[in-house]
Amino acid sequence: MSDMLSIGASSLRAYQTALTTTSENIANAGQAGYSRRTAPVREVVAPGGLATGNAQGMGVVVNGIARATDIYKTAAVRTATAELARTETGATWLERIEGSLSGNQLGERLTAFFNAAKKVAADPASSAPRATMLEAASSVAASFAATGAALDGAMADLDASAGAAATQLNGLASALGKVNAGLGRSAPGTSGQAALLDQRDKLLEEMSAIADVSVTTDDFGKATVRVGGVAGPVLVEGENAGAVTYARSDAGLVAYAVHFQGQSSAVSPSGGTLAGLAEGAQRIADAHAEINRLATDFANGVNAVQAAGDDLDGNPGAPMFAIGDPASQLSLVLDDPRGIAAAGRGAGVRDNGNLAGFETLRSTARSEDGVASLTTANAAALSARTAVAEAQTAMRDSAIAERSAAVGVNIDEEAVDLIRFQQAYQASTRVIQVARETLQSILDIR
């Protein structure tokens with residue numbers, strides 16, 4: 001009877017643990033990053049029974065708490081997350097460039113300037129079309145300056161975003177170091193260890209959204225993390241966590257470095273927000289360089305036309321624009337409409353021969369086409385990125401769904417287990433009750 005009581009008690013304890021574990025699964029079914037737990041139950045056999053062939057059961061015992069895991073599907077989610085984050089981040093800065101180029105109407109104002117020059121040619125001695133042309137010139141200068149300033153603002157915001165992303169990554173690395181320390185102290189097969197492993201995987205997924213990370217784990221579950229692929233520098237190893245820094249040159253070249261245990265290593269992330277930021281910085285710098293080139297060519301061309309003719313007072317034409325630093329910061333230095341050099345040298349106030357130079361400049365410098373080409377190329381890149389992001393979103397959603405199917409909680413299955421374990425628990429209490437009643441009957445006979 002004592003064996004029967006012992007077996008019933010072991011069964012009661014085992015299925016109580018199984019019920020608790022199943023209840024925890026159900027309670028955390030909607031919790032992001034939670035992996036399903038199970039309580040494996042195995043038979044306890046008397047020592048020596050197997051060797052003699054007289055094995056006799058002594059009840060059951062729970063072999064700790066087992067956490068569902070699939071390292072391949074988890075890694076696939078991290079990879080998909082890194083790729084999507086890079087694309088979405090790159091698209092964000094393409095949108096900023098698009099807003100900078102189109103929001104200041106640079107192309108339209110260049111067109112208005114050249115059209116105003118044609119109107120002066122129709123009546124070179126009239127002051128009204130001259131004033132209109134000078135106003136159009138002022139608008140062009142303001143538009144170049146505003147476009148350059150908008151790109152400068154985008155770059156400043158990108159710098160701030162990159163710094164924040166690096167800080168966030170460093171914070172996650174530090175948190176992962178603490179989780180690694182906890183895993184080193186936790187007992188295997190416990191709920192505490194399972195919770196730490198969940199937290200580890202959640203931190204790794206968040207890190208993968210910032211940079212592509214390569215992860216290896218030891219027997220305790222502690223993660224070693226490299227940034228930039230399997231050959232990249234170590235960011236986290238055991239309890240030790242490094243730091244990532246960001247720097248950018250005036251030409252838009254971004255440099256990331258990992259500082260770990262006194263050593264610094266350059267790193268070029270190929271995924272995550274950091275990779276998208278590096279790409280965005282280069283695109284902004286290239287767009288700004290092109291705007292500077294267009295501004296320089298336009299201003300020098302206009303000033304050259306001015307220098308080739310005479311103004312309304314018969315004087316050699318003075319420069320109309322001054323090129324700033326950067327070149328996009330154009331300023332209008334001709335403030336008198338009479339200073340527009342419409343006439344050829346010594347041809348008289350009614351002559352408009354020099355204004356043909358503006359039309360020639362329009363066709364050779366192609367300032368309007370340059371702005372249109374830059375805007376169109378950026379729009380095409382943005383459209384392509386948007387399409388890629390949609391595909392990568394679907395891929396990431398699929399990877400998450402596959403991981404959830406492998407390690408997530410299925411409420412229907414847990415409900416079935418809950419009923420099964422409850423029945424087993426009740427049966428175990430009945431075993432104990434029968435053993436006690438039988439033992440009492442024996443005692444009563446004596």
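The values are calculated or read from the model by the stated rules, or taken from the named source; none is laboratory data. Quantities reported herein were computed from a predicted structural model and do not represent experimental measurements. Backbone-built Cβ (ideal geometry, glycine too); neighbour counts: all protein chains shown. SASA here: full protein model, heavy atoms, side chains in, ligands and nucleic acids out. Shrake-Rupley method; radii C 1.70, N 1.55, O 1.52, S 1.80 Å.
Odds and ends about this structure:
- Crossing angle, helix 367-407 versus the chain [Cα axis fit, 0-90 degrees, rounded to tens]: 0 degrees
- Accessible area of the chain divided out per residue, in Å², using a probe of 1.4 angstrom: 48 Å²
- Fraction in percent of alpha-carbon pairs per bin - 10 Å, the chain: 4, 16, 16, 14, 12, 10, 9, 7, 5, 3, 2, 1, 1, 0, 0
- Against the empirical curve 2.2 N^0.38 Å, the C-alpha radius of gyration of region 317-424 lands at a ratio of 2.61.
- Rolling a 1.4 Å probe over the protein heavy atoms leaves E237 with an accessible area of roughly 90 Å².
- Quotient of Cα Rg and 2.2 N^0.38 Å for region 195-270, N being how many residues it contains: 1.17
- Of all accessible heavy-atom area on the chain, the percent that carbon and sulfur account for (1.4 Å): 53 percent
- Taking each DSSP H run with n ≥ 4 as -39500 (n - 2.57) and averaging over every residue of the chain yields -22500 deg cm²/dmol at 222 nm.
- Selection among G171, G339, L134 by position relative to the dipole of the chain gives G171 as farthest towards the positive end (Cβ unit charges, Cα centre).
- Taking max minus min of the alpha-carbon positions on each principal axis, region 123-267 gives extents of 94, 31, 19 Å, largest first.
- Across region 1-152, the relative contact order, built from alpha-carbon pairs under 8 Å that are at least six residues apart, equals 18 percent.
- FRET efficiency for the Q105 to N410 pair, using the beta carbon distance and R₀ = 60 Å, is estimated at 0.60.
- Cα-Cα pairs of region 228-317 separated by more than 23 Å (percent): 51 percent
- Cα→Cβ-extended label distance, 7 Å offset, between R345 and R13, nm: 10.9 nm
- Cross-link partners for K178 among the lysines, with Cα-Cα distance under 22 Å and sequence neighbours closer than 8 places in the same chain left out: K202, K222.
- Gain upon complete extension [S265, R366; 0.36 nm per residue less C-alpha separation]: 31.9 nm
- Between A356 and I419, the simple spin-label model (points 7 angstrom out along Cα→Cβ) gives 9.6 nm.
- Once the convex hull of all Cα atoms in region 273-352 is built, its volume per residue stands at 82 Å³.
- q = 0.15 Å⁻¹: log10 I(q)/I(0) that the Debye formula gives for region 55-165, counting C-alpha atoms only: -0.83
- Average Cα contact separation per residue, the chain, under 8 Å, 6 or more apart, as relative contact order %: 23 percent
- The magnitude of the dipole of region 288-385, with charges of +1 and -1 set on the Cβ of Lys/Arg and Asp/Glu and taken from the Cα centre, is near 280 debye.
- Between A307 and V230, the modelled label-to-label distance comes to 6.2 nm, taking each label 7 Å out from Cα in the direction of the beta carbon.
- Cα long-axis angle, helix 2-27 against the chain (0 to 90 degrees, to the nearest 10): 10 degrees
- For region 70-94, backbone nitrogen atoms closer than 20 Å to the point 7 Å from A156 Cα along Cα-to-C-beta are found at 93-94.
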